[in-house]
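Asks: Could you have a look at this structure, given as structure tokens, before my questions?
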Amino acid sequence: MKSSASGKLGTKRLELLRQLVPKPGVIAELVNASLPQAESERRDVQAAAHAIGQELIVVEAGSDRDIEAAFATFSQRGAGALFVGTGSFLNSHRERLVALAARYRIPTIYVLREFVTAGGLMSYGTSITDAYRLAGVYAGRILKGEKPDDLPVQQSTKFELVINLRTAKALGLEVPDKLLALADEVIE
């Protein structure tokens, strides 16, 4: 799935999540507030949620204890869907986040496909393969004598949507054909 690097990936993830769970009631967002990009991502998602009249609760997690507390909050507040933000802390707790989303039966969208291969429902994010390819091109240019300071900053322009049908079935969700057609990978 190709997309421009608009910096509004959170908004796109919210849109995809709403296609899969059209009437979630409350949508929760789990963020690691210590990241510089977390505030921008939060603002984008909040603005998108507000624009469509979607109630959104945002919970921060920066420690192991925060993750358990966050899911208890989601359950207490009746979250019908969850958006997991970016960052190495959340990525390093992939299996735990996937297991908690399954235990609490909360349809969840993640940033990386690795969450979906671990049993998560859906992801939309930068293609890691494309990012590595781009890094290889940069390394090649440097090895050929170009100065790193002279190379332009580039962002990935290839994004991928991955859906886990087994997880959708376990959550009692019917994945719309339109969403399946957009998917770069469907795990059965």
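The values are calculated or read from the model by the stated rules, or taken from the named source; none is laboratory data. Keep in mind it's a predicted model, so treat the numbers as computed, not measured. Methodologically, a virtual Cβ is constructed for each residue, glycine included, from the backbone with ideal geometry; neighbour enumeration extends over all protein chains shown. Side chains are part of the model used for accessible areas, which takes the heavy atoms of the whole protein and leaves out ligands, DNA and RNA. Shrake-Rupley method; radii C 1.70, N 1.55, O 1.52, S 1.80 Å.
Asks: Do any chymotrypsin sites (Phe, Trp or Tyr not before Pro) in the range 93-188 lie in a loop, going by DSSP, with at most 16 other beta-carbon atoms within 10 Å of their beta carbon, and if so which?
Replies: Hits after loop and neighbour filter: Tyr104.
Asks: While we're here: Return the single residue from Thr129, Thr11, Thr86 with maximal mean-square fluctuation; model: Gaussian network over the chain, springs between Cα atoms under 10 Å.
Replies: Thr129
Asks: Also: Assuming 0.36 nm per residue, please report the length gained on full extension of the stretch Val186 to Arg133 beyond their Cα-Cα distance.
Replies: Separation in residues times 0.36 nm, less the Cα-Cα distance, equals 16.8 nm.
Asks: While we're on this one: Ordering His50, His93 from largest to smallest accessible area (1.4 angstrom probe), what's the sequence?
Replies: In descending accessible area the options line up as His50, His93.
Asks: May I pose another question? Can you tell me which aspartates and glutamates have their Cα less than 16 Å from the Cα of Lys12? Leave out same-chain residues fewer than eight positions away.
Replies: Partners within reach: Glu29, Glu41, Asp44, Glu160, Asp184.
Asks: OK, next. So between Thr117 and Arg43, what do we pick up on full extension, going 0.36 nm a residue minus the alpha carbon distance?
Replies: 23.8 nm
Asks: Moving on. Over 5 Å intervals from 0, what percent of Cα-Cα pairs in the range 36-188 sits in each interval?
Replies: 2, 8, 15, 18, 19, 15, 9, 6, 4, 3, 1, 0
Asks: Let me ask another. Give me the 1.4 Å probe accessible area per residue for the chain, excluding ligands and nucleic acids, in Å².
Replies: Here the residues of the chain average 52 Å² of exposed surface.
Asks: For the pairs Lys8/Lys158; Lys8/Lys144; Lys158/Lys178, note any where the Cα-Cα span goes beyond 24 Å.
Replies: Lys8/Lys144
Asks: Report relative contact order for the chain in percent, whole number only (criteria: Cα-Cα under 8 Å, sequence separation at least 6).
Replies: About 24 percent, as a whole number.
Asks: Highest GNM mean-square fluctuation, the chain, Cα pairs closer than 10 Å: which of Ala69, Ala102, Ala139?
Replies: Highest fluctuation among the options: Ala139.
Asks: If we count every other residue with Cβ under 13 angstrom of Ser75's Cβ, Lys/Arg +1 and Asp/Glu -1, where does the sum land?
Replies: Combined, the nearby Lys, Arg, Asp and Glu give +2.
Asks: With a point put 7 Å past each Cα toward its Cβ, work out how far Gln76 is from Arg103 in nm, to one decimal.
Replies: 1.7
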